[in-house]
1. Just the residues that are touching a Pro at 6+ places or on another chain (Cβ under 9 Å), in a strand (DSSP E or B) and not hydroxyl-bearing (Ser, Thr, Tyr), please, taken from the range A:149-187.
2. Could you check the range A:219-236 and list, in sequence order, the residues that are more than 25 Å from A:Gly78 (Cβ to Cβ) and open to solvent by 10 Å² or more (accessible area, probe 1.4 Å)?
3. Every residue in the range B:98-121 that is more than 14 Å from ligand 1 (Cβ to nearest atom) and within 11 Å of chain A (Cβ to nearest Cβ), please.
4. Scan (1) facing another protein chain (nearest Cβ under 7 Å); (2) under 19 Å from A:Ala197 (Cα atoms); (3) assigned to a helix (DSSP H, G or I) for the single condition A:Ala102 breaks and write down its number.
5. What are the residues in the range B:90-114 that are touching a Pro at 6+ places or on another chain (Cβ under 9 Å) and more than 16 Å from ligand 3 (Cβ to nearest atom), if any?
6. Within the range A:63-114, work out how many residues are within 17 Å of A:Lys206 (Cβ to Cβ), of a type in the set (A, V, I, L, M) and touching a Phe, Trp or Tyr at 6+ places or on another chain (Cβ under 7 Å).
7. Give the residues of the range A:40-92 that are out of contact with any Pro (no Cβ under 9 Å at 6 or more places or on another chain), under 15 Å from A:Leu27 (Cβ atoms), surrounded by 14 or more Cβ atoms within 10 Å (Cβ to Cβ) and β-branched (Val, Ile, Thr), sorted by residue number.
8. Considering only residues that are at pLDDT below 90 and open to solvent by 10 Å² or more (accessible area, probe 1.4 Å), which ones fall in the range B:117-135?
Amino acid sequence: MSGIFPFSRNNEPSSLTLEDVHSVTLLGGHGKVGQKETVTEVKFEMGNVVSIVGPTGSGKTALINDIELFANANTPTGRRMLINGATPPEELMDDPSKNPIALITQHTNFLSDLPVDVFLRMHAKIRRAHEHETIVEETLDFANQLTGEPIIQENSMTELSGGQTRALLIADAVIIGNSPILLLDEIENAGIHRGRALELLRNYQKIFVFVTHDPRIALLSDFRIVMSRGAMEKIIYPDEEEAIIIDRIGKLDDLMLRFRKRLWEGERLSEKNLGGDLSALLSSSKETLS
Amino acid sequence: MKLIICAGPPTCGKTTVLKQVTNKLLAQGRRVAYLKEDVQFAEEATMFSEEFGIPSKAAYSGEICPDHSHVLILKEAVEWAEKNQADIFIVETAGLCLRCAPYVEGGFAICVLEVTSGMNLPRKIGPMLTLADIAVVTKIDLVSQAEREVFRMNLTEVAPIPVIETDALHGINIDRIVREVEKSPEIKQPMVLRGNPPLAVCTICAGKKEIGWENHFGVVRTLESDPFYQGE
Ligand SMILES: Nc1nc2c(ncn2[C@@H]2O[C@H](COP(=O)(O)OP(=O)(O)OP(=O)(O)O)[C@@H](O)[C@H]2O)c(=O)[nH]1
Ligand SMILES: [Zn+2]
Ligand SMILES: [Zn+2]
């Protein structure tokens, strides 16, 4: 199902399949003004969900670009990226079907006007995943759990909404692409159900790296990397207190989503329905605190 | 001197790629000269000379088919670059005619295609792709990985050459192109076109508008005949 690739630069006859990838390490370089990074090493292991946080312009996207590019002290940050603790061969980048990394950004799009199922079958064929008969159905099903607006398989790809596109991109990378490492750049704006998405993604043993402004994604991650002026400033692991807080933030977030849904459905917000939801939220947070 | 000839459909990102490549070559101490061949207007040469301070030149084909024009002027252009002590001469061609290929034997040929122009594009391009040494696929930042894979498969089915994917705007993967350029041979005289594209210098290309083969010189044909030569 996955590509085989040589694994060392000195032509040793070793090889590694996409399934063999078990960790990615980033070795620190420097920030925008040449300052050395405080974080000198960070390791992502299979199953990890990691967030990159920091204000706009703090170097979040550059960080995932370094991962995508197999940075080897040859990008503006001077960082190095290792797979399974060793420098990966650049040749991995040559063929996207052998590349262990999938990057999905806000700009990533489908341009083909083929029907969704035809396109997915085509991709599955390239990946030799088509022997697996239900792969297209599985992919669609997964995408449909990520987005609130179900994708019809006869729809043409270009008809999909932003949220549907993003959901299908993720589902395709996870299931058909079987990518061990997914980099997701600010996908929260696209109408993906975030809490649900994280729950679902955790069922797959992969490395998920989110560049995000969303507190919910950040707090539900195994750890977060805090960026400042182009450099990795800190690594924070959530503690017990944050575990309680995330629960409340989740409820707050759900509340906002419910309000949004009401607006979408042409309802009027009133003290009454707002009050009910708010007091439910407050009482639940008291519970968790006590 | 190395001769790098770059072709690709309009706005596919040739200039963007070549600027990134030039930047890296200059950083390695290479002396680069640049020629842009276009139909009637191009600001690239000015851009290259202002941005990089390297010898740059524009050549307009005007009334002549740009590929024909290329064949006619390339020899002198190479001499110009040599006189300017370039060790890498980059020629960006207009690439309007999909049946011609401007590449020469002993030079290095880059075909640039944008992945955004549809997954079947590689099938629609003839010698410009199949006679190239490498294909550079631009704008990968804009499409899904799945489509990149389909595009790539369609491309390598038509032309089994190395494919380098790039987000040229952000300079991603440019090092790989630079390495291929560095590996390419030194150009030797006399230069000969790689393919046998329909490059007959014809009176149609020179702007004669009359319809009907009897009004033209050069390689012509009738509706039913094979092409033949008419003229001196
Ligand atoms: N997003 C994105 N845009 C690109 C990329 N490469 C080029 N562009 C943009 O595409 C447009 C055309 O690029 P050019 O480099 O001028 O294309 P060209 O092939 O030289 O065009 P002509 O010489 O006029 O035929 C410009 O707006 C570039 O900024 C890329 O990899 N990604
Ligand atoms: Zn032509
Ligand atoms: Zn002609």
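The values are calculated or read from the model by the stated rules, or taken from the named source; none is laboratory data. These numbers were taken from a predicted model, which means no experiment stands behind them. Cβ placement follows ideal geometry from the backbone for every residue including glycine, while neighbour counts extend to all protein chains displayed. Each accessible area value is taken on the protein alone, full model and side chains, heavy atoms only, with ligands, DNA and RNA left out. Shrake-Rupley method; radii C 1.70, N 1.55, O 1.52, S 1.80 Å.
1. Scanning the range A:149-187 gives a single hit, A:Ile181.
2. Step one: filter the range A:219-236 for residues more than 25 Å from A:Gly78 (Cβ to Cβ), giving A:219-222.
Residues satisfying the conditions are A:Leu219, A:Leu220, A:Asp222.
3. Taking the range B:98-121 as the starting set, the residues that turn out to be more than 14 Å from ligand 1 (Cβ to nearest atom) are B:99-101, B:103-109, B:118-120.
Selection gives B:Gly118, B:Met119, B:Asn120.
4. Every listed condition holds for A:Ala102 apart from (3).
5. Step one: filter the range B:90-114 for residues touching a Pro at 6+ places or on another chain (Cβ under 9 Å), giving B:91, B:93-103, B:106-109, B:112-114.
Within the range B:90-114, B:Val91, B:Tyr103, B:Gly106, B:Gly107, B:Phe108, B:Ala109, B:Val112, B:Leu113, B:Glu114 qualify.
6. Matching residues across the range A:63-114 total 2.
7. Residues satisfying the conditions are A:Val42, A:Ile67, A:Thr75, A:Thr77, A:Thr87.
8. Across the range B:117-135, the qualifying residues are B:Ser117, B:Gly118, B:Met119, B:Asn120, B:Leu121, B:Arg123, B:Lys124, B:Gly126, B:Pro127.
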